[in-house]
1. Working only within the range 30-41, note down all residues that are more than 10 Å from the ligand (Cβ to nearest atom) and either of a type in the set (D, E, K, R) or part of a loop (DSSP other than H, G, I, E, B) (or both).
2. Taking the range 80-91 as the region of interest, how many residues are within 18 Å of Gly21 (Cβ to Cβ), of a type in the set (Ser, Thr, Tyr) and surrounded by fewer than 19 Cβ atoms within 10 Å (Cβ to Cβ)?
3. If you scan the range 13-24, which residues turn out to be assigned to a strand (DSSP E or B), open to solvent by less than 60 Å² (accessible area, probe 1.4 Å) and either more than 15 Å from the ligand (Cβ to nearest atom) or over 23 Å from Asp93 (Cα atoms) (or both)?
4. Of the conditions (1) in a loop (DSSP other than H, G, I, E, B); (2) open to solvent by 50 Å² or more (accessible area, probe 1.4 Å), Ala44 fails just one. Which one is it?
5. Quick one: which residue in Ala27, Ala94 is small (Gly, Ala, Ser), more than 10 Å from the ligand (Cβ to nearest atom), open to solvent by 40 Å² or more (accessible area, probe 1.4 Å) and assigned to a helix (DSSP H, G or I)?
6. Considering only the range 53-79, how many residues are part of a loop (DSSP other than H, G, I, E, B), surrounded by 14 or more Cβ atoms within 10 Å (Cβ to Cβ) and away from the ligand (no atom under 16 Å from the Cβ)?
Amino acid sequence: MPIVIFELPDGTERKVTAASGTVLMQAAVSNGVEGIVAECGGNASCATCHVYVDGRHTELVGPPNEVEDEMLDFTAAERRPTSRLSCQIQISDALDGLVVHVPEEQV
Ligand code: FES
């Protein structure tokens, strides 16, 4: 199973397993990763699962879709070129070792 790493605002890392075919947000929530709120449950309508994809992995993860792109304008923390909604990142074996940074605030 792929392992993904959430780097928290204080610099600590949470390494969790994420099943292929699920989404990154689920891995965070089911492992109690702090800072991923996911109020809407994964419908790309709350922007509280915002993450910054590590620069090494942005090409692999790819860009947001149109709906996600619009929602990213409503994140609590600043939007950056590497911003994604973790509920819209599909986990696959190719993402093993993915690093994402959790923003300071989600609401
Ligand atoms: S969980 Fe609401 S936008 Fe991702």
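1. Asn31, Gly32, Val33, Glu34, Gly35
2. Selection size over the range 80-91: 0.
3. Listed by number, the list holds a single entry, Val16.
4. All conditions are met except number (2).
5. None of the others qualify; the one that does is Ala94.
6. Number of matching residues: 2.
For every residue, the table says whether it meets (1) within 12 Å of the chain's Cα centre (by Cα); (2) within 15 Å of Cys40 (Cβ to Cβ).
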{"site": "Val53", "(1), (2)": "yes, no"}
{"site": "Thr58", "(1), (2)": "yes, no"}
{"site": "Gly62", "(1), (2)": "no, no"}
{"site": "Val67", "(1), (2)": "no, yes"}
{"site": "Arg80", "(1), (2)": "no, no"}
{"site": "Gln88", "(1), (2)": "yes, yes"}
{"site": "Asp93", "(1), (2)": "no, no"}
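The values are calculated or read from the model by the stated rules, or taken from the named source; none is laboratory data. Worth saying up front: this structure is predicted, and the values here are computed from it rather than measured. For neighbour counting, all protein chains shown are included, and Cβ atoms are generated from backbone atoms with ideal geometry for every residue, glycine included. SASA here: full protein model, heavy atoms, side chains in, ligands and nucleic acids out. Shrake-Rupley method; radii C 1.70, N 1.55, O 1.52, S 1.80 Å.
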